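Undergrad: Let me give you the structure first, and then I'll get to my questions.
Just so it is clear, none of the values below were taken in a lab; they were calculated from the coordinates. Treat the numbers as computed from the prediction; the structure is a model and nothing was measured. With ideal geometry, Cβ positions are generated from the backbone for all residues, glycine too; neighbour counts draw on all protein chains shown.
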Amino acid sequence: MASRVIPVDPFDLVIFGGTGDLARRKILPGLFRRYCAGQMPAEARIIGAARSDMSNTEYRRLIGEALEEFGAADGKNQKDVTEFLQRIEYIAIDAMGKSGWKALAKALRKNVVHAFNFSVGPALFGPLAERLHENGIADTQSRIVVEKPFGHDLASAKELNATLAQYFDERQIYRIDHYLGKETVQNLMAVRFGNILFEPLWNAQYIDHVQITVAETVGVGGRGEYYDKSGAMRDMVQNHLMQLLCLTAMEPPAKFDPNAVRDEKLKVIRALRPVANGDLVRGQYSAGSDTPSYAEEAENPSSTTESFIAMKIDIENWRWNGTPFYLRTGKRMRARLSEIVVRFKEPPHSIFDEDAGSNANELTIRLQPNEGMDMMVTIKEPGPGGMRLVQVPLDMTFADVLGSDGSDVPDAYERLIMDVIRGNQTLFMRGDEVEAAWAWTDPIIEGWESRGDKPNLYEPGTAGPEEALMLMHKDGRRWRDLKP
Ligand code: NAP
């Protein structure tokens with residue numbers, strides 16, 4: 001079943017940081033794929049902007065190379081590449097300076113959507129917003145797209161929001177968390193609220209616990225300097241894992257509408273109980289036989305930054321009282337995997353013999369690899385061996401179920417950029433959500449900093465430190481295996 005493509009309105013999209021890694025690796029290849037899918041109207045135009053002096057031809061060459069390097073152009077779609085590149089222009093602009101702004105103002109057309117992607121470091125968000133305003137380039141209908149990190153803590157997030165709010169309304173600000181653009185994440189909402197089956201069971205009465213895992217096999221690599229000031233809590237939990245938790249735990253919004261959905265997510269964040277010290281494990285990977293340790297990669301021998309974190313979170317509301325959410329994320333782990341596991345309780349009374357086997361259902365929502373869901377259900381083990389129970393998956397790998405190889409399913413960035421043009425903020429974080437997440441995160445970080453806690457070392461290629469396993473064992477539960 002090929003996905004339905006509805007072209008968006010004509011637009012001028014300006015990518016500040018148009019020569020950078022994010023623009024070359026994600027944004028422009030994503031736009032190219034949408035072009036190939038027929039979603040970009042003929043009048044759509046993209047303007048790359050950065051400080052380097054470059055002609056349109058040089059910039060198009062740079063982007064052509066990026067399309068090849070990052071797998072969007074495969075040699076068979078050269079005609080599409082040529083046509084797509086014709087829609088791209090370049091203007092040299094310094095976000096901190098005065099040059100280039102007049103040329104940009106002149107280049108933008110009237111009566112098309114104007115979107116400005118801030119694909120630059122966060123220190124430039126304020127200056128860019130100010131200059132777009134001062135030069136009369138942005139109006140009340142323009143949109144700006146900002147990338148994480150949205151602050152380093154509550155104070156800096158508030159400052160950033162206040163700076164942007166001087167020039168743009170909240171309805172114009174699109175804060176990207178690319179996890180929200182994933183097909184499965186949206187399907188979580190479709191499955192929860194589009195079926196009668198799940199929602200009546202979606203509470204502490206029927207769900208034993210929820211596990212959210214985002215595991216990576218890579219280390220910090222070249223991002224060591226940035227990451228060492230951030231760590232897994234700021235880099236992953238405060239944003240990506242928090243968003244997954246919110247979508248799993250939120251009450252049904254009255255409508256699938258940006259503010260209705262974001263109001264419900266915000267209520268979840270505000271209901272999070274502060275995490276007790278004993279419910280938190282921090283880890284840092286040690287050296288492997290052929291891989292450097294975290295401290296070596298971060299070039300900081302005495303670093304106490306965590307490359308792994310696991311925690312147990314309680315949500316203080318009627319729906320979830322007594323059902324914990326366990327979160328873990330880390331680098332250099334055994335497998336690259338992102339999933340939400342909803343573990344249901346066992347039936348209140350078993351009519352089968354004690355040795356017939358366990359029969360708790362489990363719903364797994366997989367973000368990667370193989371986006372999809374599976375539900376473990378109990379059936380009778382086939383054959384004449386008496387009533388023995390086994391768990392079998394009802395598998396819904398999207399690519400299989402929808403009869404595609406997955407190539408026509410837009411990746412997160414593609415979908416989110418198209419949502420910006422459509423003016424749909426549902427999958428973007430609102431300023432108050434970001435602040436609430438920091439308000440919950442800050443005291444946890446301050447706690448371990450004031451105690452001078454050091455992370456537990458773990459071997460690369462494992463499921464993190466032993467203490468993380470104990471976090472669940474002490475509650476009589478266990479993490480799902482991290483299978484490569
Ligand atoms: P990058 O590779 O360092 O690129 C930065 C871009 O900004 C370059 O095009 C640079 O070009 C331009 N730039 C720097 N100073 C400028 C100025 N004063 N005026 C105008 N342009 C300027 O960084 P990146 O990895 O693309 O990341 C961009 C942003 O996205 C960062 O906030 C990052 O945290 C965030 N992000 C990145 C990723 C990723 O996968 N890369 C993922 C999530 C979020 P010139 O030097 O020519 O000006």
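Undergrad: Once both labels are modelled 7 Å past Cα along the beta-carbon direction, what's the Gln368-Lys474 spacing in nm?
TA: The modelled label-to-label distance comes out at 3.2 nm.
Undergrad: Can you give the net charge of the other residues whose Cβ lies under 12 Å from the Cβ of Pro443, counting K and R as +1 and D and E as -1?
TA: Taking every Cβ under 12 Å from that of Pro443, the sum is -3.
Undergrad: Apply 1/(1 + (r/R0)^6) to the Cβ-Cβ distance of Glu134 and Thr82, taking R0 = 51 Å, and write down the FRET efficiency to the nearest 0.05.
TA: According to the calculation, E is roughly 0.85.
Undergrad: Spelling out what I want: for every residue of region 65-79, take phi, set θ = phi - 60°, compute 6.51 cos²θ - 1.76 cosθ + 1.60 (Karplus), and round to whole Hz; glycine and proline get x.
TA: 5, 5, 4, 6, 4, 9, x, 7, 9, 10, x, 8, 10, 4, 4
Undergrad: What lysines sit close enough to Lys79 to cross-link, taking a C-alpha to C-alpha distance under 25 Å and skipping anything fewer than 8 places away on the same chain?
TA: Lys26
Undergrad: Still on this structure, please answer the following. Ranking Met189, Met429, Met387 by Cβ neighbours within 10 Å, fewest first, what do you get?
TA: Lowest to highest Cβ neighbour count: Met387, Met189, Met429.
Undergrad: List the lysines whose alpha-carbon lies under 28 Å from that of Lys312, not counting same-chain residues fewer than 8 positions away?
TA: Of all the lysines, those that pass the test against Lys312 - Cα under 28 Å, at least 8 places apart if same chain - are Lys148, Lys158, Lys182, Lys229, Lys265, Lys267, Lys331, Lys345, Lys454, Lys474, Lys483.
Undergrad: Rounded to the nearest 5, what is the percent of antiparallel bridges among the DSSP beta bridges in the chain?
TA: Percent antiparallel among DSSP bridges in the chain is about 55.
Undergrad: Once the other residues with Cβ under 10 Å from the Cβ of Val390 are scored (Lys, Arg +1; Asp, Glu -1), what is the net sum?
TA: Every neighbour counted, the sum reads +1.
Undergrad: Let me ask another. Among the lysines, select those whose C-alpha is under 25 Å from the C-alpha of Lys110, and discard any that sit fewer than 8 residues away in the same chain.
TA: Result set, ordered by chain and number: Lys98, Lys102.
Undergrad: Would you mind ranking Lys267, Lys312, Lys79 by Cβ crowding within 10 Å, fewest neighbours first?
TA: Neighbour counts put them in this order, fewest first: Lys79, Lys267, Lys312.
Undergrad: Right, next: Please compute the contact order of region 11-147 in relative form: average sequence separation of alpha-carbon pairs under 8 Å and at least six residues apart, divided by the residue count, as a percent.
TA: In percent, rounded to a whole number, it is 32.
Undergrad: Given H placed on each backbone N at 1.01 Å, which residues far from Phe116 in sequence or on other chains put an amide H within less than 5 Å of it?
TA: Amide H neighbours of Phe116, under 5 Å, 5+ apart: Val14, Arg143, Ile144, Val145.
Undergrad: Find out how many positive minus negative residues lie around Met375, taking Lys and Arg as positive, Asp and Glu as negative, among other residues whose Cβ is under 11 Å from that of Met375. Spell out each step's value before the answer.
TA: Working: positive: none; negative: Glu362, Asp374, Asp395.
Here the charged neighbours net out to -3.
Undergrad: Given labels modelled 7 Å from the Cα in the Cβ direction, how far is it in nm from Asp9 to Glu199?
TA: Between Asp9 and Glu199, the simple spin-label model gives 3.1 nm.
Undergrad: Along region 160-177, what does the Karplus equation 6.51 cos²θ - 1.76 cosθ + 1.60 (θ = phi - 60°) give for ³J(HN,Hα), rounded to whole Hz, x for Gly and Pro?
TA: My calculation for region 160-177 gives 4, 4, 5, 4, 5, 5, 5, 10, 9, 6, 4, 5, 9, 9, 10, 8, 7, 10 Hz in order.
Undergrad: Same structure again: Could you tell me the center-to-center distance, by alpha carbons, between region 44-91 and region 265-293 in angstrom?
TA: Value for the Cα centre distance between the two parts: 40 Å.
Undergrad: Another question, then. Give me a comma-separated list of calculated 3J(HN,Hα) values for region 90-105, in order, Karplus coefficients 6.51, -1.76, 1.60 applied at θ = phi - 60°, integers in Hz, x for any Gly or Pro.
TA: Using θ = phi - 60°, the values come out as 9, 9, 7, 9, 9, 4, 9, x, 10, 7, x, 5, 5, 4, 5, 4 Hz.
Undergrad: To continue, here is another question. Once fully extended, how much extra length lies between Thr57 and Thr291, figured as 0.36 nm per residue of separation less the alpha-carbon to alpha-carbon distance?
TA: On the way: separation 234, 0.36 × 234 = 84.24 nm, distance 4.11 nm.
Roughly 80.1 nm would be gained on extension.
Undergrad: Tell me which residues come under 5 Å, amide H to amide H, from Gln284 once H is placed; ignore anything under 5 positions away on its chain.
TA: Distant-sequence amide H within range of Gln284: Ser307, Asn456, Leu457, Tyr458.
Undergrad: OK, next. Could I get the Rg over Rh figure for region 11-147? Both from C-alpha atoms, Rh via Kirkwood, rounded to two places.
TA: That ratio equals 0.95.
Undergrad: Okay, moving on. Fewest first, what order do Thr441, Thr329, Thr304 take by the number of other Cβ atoms within 10 Å?
TA: Values: Thr441 22, Thr329 25, Thr304 16.
Fewest-to-most ranking of Thr441, Thr329, Thr304: Thr304, Thr441, Thr329.
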